[in-house]
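The values are calculated or read from the model by the stated rules, or taken from the named source; none is laboratory data. Model, not experiment: these values are computed from the prediction. Every residue, glycine among them, receives a Cβ derived from its backbone with ideal geometry; neighbour counts consider all protein chains shown. These accessible areas exclude ligands, DNA and RNA; they are computed on the full protein's heavy atoms, side chains included. Shrake-Rupley method; radii C 1.70, N 1.55, O 1.52, S 1.80 Å.
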Amino acid sequence: MKYEVVQPNQYYHIYNQGNNKENLFIEEKNYTYFLKLLKNHILPIANIHCYCLLPNHFHLLIKTKHNLESKIISQGFSNLFNAYAKAINKMYNRTGSLFKRKFSRIRITDEVYFKNLVLYIHTNAEHHQITKDFRRYPHSSYHAYQDRCKEFSNFLVFLIF
């Protein structure tokens, strides 16, 4: 399978899963560690608009930064996946590939697709029957979205009055 080179100043749906559908996240602390690595390796190269981490796969909606070369962006993702795989292999005394393949990516060029993707990512845990209510799932950015909406709504009330 040929993968599109990740370009600067573009929106992407990034996703991957565990090799042989193995879990990527075994304990709660794994989710936290992955988010820490996202902050360290991805925020310098992209803005993260939303995410959902499920036991055996994850989804990200990102926008790459405009002033970077494609190879620097790809290196950031490579560093993320390598660092996480090494840590999990060491922590759980395992060997070999943790992720299924190179990460999948879909470039987003349509606003309707963008909006549907935000919904898809946030409801993914419910879709896979990991939770009965996606709003209660702790490993997604849904709560951050909800907080932003509250802040925006409070700001509008302030402007009106």
Counting only strands (runs of 3 or more DSSP E) entirely within region 1-97, those with at least 1 residues that are open to solvent by less than 10 Å² (accessible area, probe 1.4 Å) and not hydrophobic (A, V, I, L, M, F, W, C) are 11-17, 57-64
Is it fair to say ALA125 is part of a helix (DSSP H, G or I), more than 23 Å from ASN47 (Cβ to Cβ) and hydrophobic (A, V, I, L, M, F, W, C)?
-> no
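Give the residue, chosen from ILE106, ILE130, that is open to solvent by less than 80 Å² (accessible area, probe 1.4 Å), touching a Pro at 6+ places or on another chain (Cβ under 9 Å) and at pLDDT 90 or above.
So the residue among ILE106, ILE130 that is open to solvent by less than 80 Å² (accessible area, probe 1.4 Å), touching a Pro at 6+ places or on another chain (Cβ under 9 Å) and at pLDDT 90 or above is ILE130.
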When GLU69 is evaluated against the numbered criteria (1) closer than 28 Å to HIS127 by Cβ; (2) at pLDDT below 95, which criterion, by number, is the only one it fails?
-> (1)
